[in-house]
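Taking it in order: structure first as structure tokens, then the write-up.
The values are calculated or read from the model by the stated rules, or taken from the named source; none is laboratory data. Predicted, not measured: the structure shown is a model, and the values here were computed from it. Here the Cβ positions follow ideal geometry from the backbone for every residue, glycine too, while neighbour counts run over all protein chains shown. Calculation scope for accessible area: heavy atoms of the full protein, side chains included, ligands and nucleic acids excluded. Shrake-Rupley method; radii C 1.70, N 1.55, O 1.52, S 1.80 Å.
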Amino acid sequence: MANSQQQRRIRLGLFVQPVGQHVSGWRLTEKLGDPTDIDWLITIAKKAEAGKFDLFFVGDALATSMYRLPSTMARLEPLTMLSALAVNTKRIGLAATASTTFSDPFTMARSFSSLDHISRGRAAWNVVTSFSADVARNFSRNDMPNHAERYARAREFLEVAEKLWAGWEEGAVQPNKETGAYFVDDKIQPINHQGEHFQVQGPLNITRSPQGRPVIIEAGSSADGQKLAAETAEVIFTAAASLEEAQTFYRSQKDQVIAAGRNPDHVVIMPGVMPIVGRTREEAKALWKELNTLVDIENGLRQLSLRFSMDLSQFPLDGPVPEVPLGEGNQSRVKLMTDMAKRENLTLRELAAVAAGSRGHRVIVGTAEDIADDFELWLNEGGADGFNIMPAIMSEQLDLFVELVIPELRRRGLFRDDYEFATLRENLGLPVA
């Protein structure tokens, strides 16, 4: 599919798990990284920056019991980690996940503005709502707010954060030694927000950051999630198992962006993908098979049970996947996996292996040409603006992606040769805030 008539550029994020995204990946790596070793994380970030990725993205969870995996049982707090990476990188965007369910907008706005200053304009916030009861119990609650309440809080949370960021106008800092004035007072405004969930006076106690505000990322395919993203997100992470499914989501989300009065070109949609890269197809297929033979099915079943909010151990492993009602949990990922099970006629055992291995995202197994073909098709057929890359084995699969896949994308004119701008917002083609 080289020589495509469309020459839009693919955006690439690196979704980082320090020991690899596949649940078995750490068992096949030659050098096992430590999720709390900042030198290891700096090494990964520099590899991604050498490949000219747009984003270095870290997820987060506020409870250890969701998935019994090395990277989720012990991890550095994302904003603290990215502050260290900011002074060891120059151009790659730095995206951290932070929940609106158990935090406050003043602290969050200040923290992300600080990261934007430290990185000189490369910060991004992946806005999420927590859904696990285990998280609630870590924050002095016995239950989790319901789905609608979590999203209503998130919407107001973002509104307050954006007001705080806008409270410092361009040119608010003008030190004048003669008059003794350091700030221009009428360019620094309180927000005096009075809402259902928050009452915040402002202004923020940090100056306007290089991007004005960090890039806002969101994920979620539920109706509430899509509506919030249409109104507020600039990058949308999603999961899609097929091109048709991706196209449906892409069209729906972009239409909602237009309905919200925004420019759809200013919202970048990036599905998660786990590429299994080989120098030959046979090599890639053999690696994928080896990874899956090492999957702990009981662990996969626990993951599914947590995602589905029901105990799946009561069902036969080699029987069909049971009907799962959409509840208060992670609705988009539940629907993706149950739709996949129906479409591919998977048993519960097979779905548990896929869920544990790929974390519910799409897997592409093949050579650099195979993966580039796939990416080009999705880009040209309206399935994606870019991809959030999830290396199965860290850092071997990241190394192969940078060594083999990125040069092939460049050969086709689909990916940058170098960073064009200093800030993440500019490199993603987003307007200055």
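What to note about this one:
- Number of positions in the stretch 115-135 that are in a helix (DSSP H, G or I) and within 23 Å of GLN199 (Cβ to Cβ): 0
- Criterion (within 30 Å of ASP134 (Cα to Cα) and more than 19 Å from the chain's Cα centre (by Cα)) met by exactly one of GLY360, GLY272, GLY319, GLY261: GLY319
- Boolean, VAL160 is more than 22 Å from VAL235 (Cβ to Cβ), touching a strand residue (DSSP E or B) at 6+ places or on another chain (Cβ under 9 Å) and in a helix (DSSP H, G or I): no
- Qualifying residue in the stretch 375-398 (condition: touching a residue at least 12 places away in the same chain (Cβ under 8 Å), open to solvent by 40 Å² or more (accessible area, probe 1.4 Å) and among the hydrophobic types (A, V, I, L, M, F, W, C)): yes
- Meets criteria (of a type in the set (A, V, I, L, M), touching a strand residue (DSSP E or B) at 6+ places or on another chain (Cβ under 9 Å) and either in a strand (DSSP E or B) or over 24 Å from GLU369 (Cβ atoms) (or both)) for LEU306: no
- Test: residue in the stretch 296-304 that is surrounded by 20 or more Cβ atoms within 10 Å (Cβ to Cβ), in contact (Cβ under 8 Å) with a residue 40 or more places away in the chain and among the hydrophobic types (A, V, I, L, M, F, W, C): yes
- Among the candidates ASN176, ASN146, the residue that is open to solvent by 10 Å² or more (accessible area, probe 1.4 Å), farther than 28 Å from GLN226 by Cα and among the polar types (S, T, N, Q) is uniquely ASN176.
- The listed residues are PHE139, PHE131, PHE112, and the only one of them that is open to solvent by 60 Å² or more (accessible area, probe 1.4 Å) and among the aromatic types (Phe, Trp, Tyr) turns out to be PHE139.
- Residue selected from the stretch 410-433 under the condition within 18 Å of ASN380 (Cβ to Cβ) and open to solvent by 20 Å² or more (accessible area, probe 1.4 Å), by the criterion nearest to the chain's Cα centre (by Cα): GLY429
- If you go through the stretch 235-258 and keep only what is open to solvent by less than 10 Å² (accessible area, probe 1.4 Å) and closer than 21 Å to ARG155 by Cβ, you end up with VAL235, ILE236, GLN253, VAL257.
- Residue check for PRO264: without any contact (Cβ under 8 Å) to a residue 12 or more places away in the chain and either in contact with a Lys or Arg (Cβ under 7 Å, 6 or more places away or on another chain) or open to solvent by less than 60 Å² (accessible area, probe 1.4 Å) (or both): yes
- Consider the stretch 215-234 and keep the residues that are small (Gly, Ala, Ser), in a helix (DSSP H, G or I) and buried (at least 17 other Cβ atoms within 10 Å of the Cβ). The one that is modelled with the lowest pLDDT is GLY225.
- Considering each residue of the stretch 236-257 in turn, none proves to be under 30 Å from ARG110 (Cα atoms) and acidic (Asp, Glu).
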